[in-house]
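Working notes for the structure below.
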Amino acid sequence: MSLTRRGVAHLLMVATLGVGFASTSIGSSVAADDPADFVAAIYQRYENGDDGVPLDNEETVRALFEPRLAELILADSDEAAALGDAGKLEGDPFVDAQDWDISDIRVDIEAGTPDTAEGHVTFLNLGEPKRIELRLVQLDHGWRIRDIYWPEGSLRGLYTH
């Protein structure tokens, strides 16, 4: 069996959560007062063949997602690690894929209320057009993702259905 980038990232997540090794946290590197800057900071990590944003530790998950969604992601990771299994998330939620070569990233933000926004992200992955929708919420400590939508579902739906 060969491992994809996501498979390797999952193994790293299990190791990090299980024994507390050094993290690959992006923490403050995505902190922003502006939702466009927040989303752009995430997707910049996919340009030029970069490794993207592995959800391999609690700090990263909490820096990106609102508390309830972060808890769902972390609980699934903990449960999967305890069983020696993979979690529910089978790919990278930001690119809706296990493997990627991302180009032509475009981030558009649509303001909602003063503390909500929608992010519309388009890009080419391996030459194929992709569109990801992010629902954002501003909390006391900055912008966080409330949900990510792909053509076949959503991140929150993955953990609640």
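The values are calculated or read from the model by the stated rules, or taken from the named source; none is laboratory data. These figures come from a predicted structure and were not determined experimentally. Note: ideal-geometry Cβ built from the backbone for every residue, glycine included; neighbour counts use all protein chains shown.
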Unmet criterion (only one of (1) without any contact (Cβ under 8 Å) to a residue 24 or more places away in the chain; (2) touching a Pro at 6+ places or on another chain (Cβ under 6 Å); (3) not aromatic (Phe, Trp, Tyr)) for GLY84: (2)
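Would you point out the residue of the stretch 86-102, among those that are over 11 Å from the mean Cα position of the chain (by Cα) and acidic (Asp, Glu), that is nearest to TYR159 (Cα to Cα)?
Start the filter on the stretch 86-102 by keeping residues that are over 11 Å from the mean Cα position of the chain (by Cα), which leaves 86-88, 90, 97-102.
The next check asks that each one be acidic (Asp, Glu); those that pass are 90, 99, 101.
Details: GLU90: 12, ASP99: 22, ASP101: 27 Å.
The residue in question is GLU90.
Restricting attention to the stretch 116-161, and to residues there that are of a type in the set (Asp, Glu) and modelled with pLDDT under 95, which single residue is nearest to LEU69 (Cα to Cα)?
Restricting to residues being of a type in the set (Asp, Glu) and modelled with pLDDT under 95, the top hit is ASP140.
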Which of (1) of a type in the set (Ser, Thr, Tyr); (2) exposed (fewer than 15 other Cβ atoms within 10 Å of the Cβ); (3) part of a helix (DSSP H, G or I) is the odd one out, the single condition THR122 does not satisfy? (3)
Quick one: would you say PRO129 is in contact (Cβ under 8 Å) with a residue 12 or more places away in the chain, surrounded by fewer than 19 Cβ atoms within 10 Å (Cβ to Cβ), touching a strand residue (DSSP E or B) at 6+ places or on another chain (Cβ under 9 Å) and farther than 18 Å from ALA75 by Cα? no
Checking ARG156 against (1) touching a helix residue (DSSP H, G or I) at 6+ places or on another chain (Cβ under 8 Å); (2) assigned to a strand (DSSP E or B), which single condition isn't satisfied? (2)
